[in-house]
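No lab work stands behind these numbers, since they all come straight from the coordinates. Bear in mind the structure is a predicted one, so any value in this text is a computation, not a measurement. Cβ placement follows ideal geometry from the backbone for every residue including glycine, while neighbour counts extend to all protein chains displayed.
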Amino acid sequence: MPERNRLSAEIAKRPVLTSFHDYDDAQRAVDKLSDAQFPVQHVAIMGVDLKLVESVIGRMSWGRAALSGMATFSGFGVLVGLFVSFFGGQENSLIQMIFIGLLFGAAFGIIFGLVSYAISGGKRDFTSRQALQADRYDLLCEAEHLAKARQILELGPAWPPPLPTPEQSATDGETSGN
């Protein structure tokens, strides 16, 4: 198993410290732990019951496809113009090279946007935004740090209490028999 998957599986096995309905509340809890000098590297925020929400913004049209392509590639054109001005000769000014890069980037973007829209064949005639959302956010904590984290977050003692280890059970039996 790759290292990343192994680490994710280990984190998901941590006990749940508490749960939140809002991600910002989970972040505030971790921030409170951090402010109290708690070793936050032993904590994780896990979204539970994830769903993909896609909000439809509007219809895709030839004009919108052209504008979208132009907006995407104009910034790239500015960067190329800036790069060329640093390594090009002294015959062109910085502003001139950036402007030329902007124009070429915008023109290429318009063409790219229109060609992409034509190739799609009307299969996706709308624009949208996607976001991942969770029903709740569990704050996970390694077991050896759980009690301290619960104290800092003022959650009270863990319930149910941890089961006694076999050594504790043996010593409890000896003391109760005397």
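Cross-link partners among lysines for K13, C-alpha distance below 27 Å, same-chain residues fewer than 8 apart left out? Within reach: K32, K51, K148. Converting phi to 3J(HN,Hα) with the Karplus coefficients 6.51, -1.76 and 1.60 and the offset θ = phi - 60°, region 131-148 yields 8, 8, 10, 10, 5, 8, 10, 8, 9, 9, 8, 4, 4, 5, 10, 4, 4, 5 Hz in sequence order, with x at every glycine or proline. For S19, the residues whose amide H sits under 5 Å from its own are L139, ignoring neighbours fewer than 5 places away on the same chain, with H placed 1.01 Å from N.
Exposure proxy shown here: for L33, L132, L146, L114, the number of other Cβ atoms within 10 Å sets the order, fewest to most, as L132, L114, L146, L33.
Note on region 61-124: Kirkwood hydrodynamic radius from all Cα pairs is 12.3 Å, rounded to one decimal. Over all orientations, region 36-153 has a Cα convex hull whose mean projected area works out to 13.7 square nanometres.
Within region 9-79, none of the chymotrypsin sites (Phe, Trp or Tyr not before Pro) combine a DSSP coil assignment with at most 11 other C-beta atoms in a 10 angstrom radius.
Here the calculated FRET efficiency for S116 and V56, from their Cβ-Cβ distance with R0 = 30 Å, stands at 0.95, rounded to the nearest 0.05. When you filter the trypsin sites (Lys or Arg not before Pro) in region 124-155 for DSSP loop state and at most 14 other Cβ atoms inside 10 Å of their Cβ, you are left with R124. Dipole orientation for region 4-124: of the candidates F87, M97, N5, N5 has the Cα lying most toward the positive pole (charges on Cβ; Lys, Arg +1; Asp, Glu -1).
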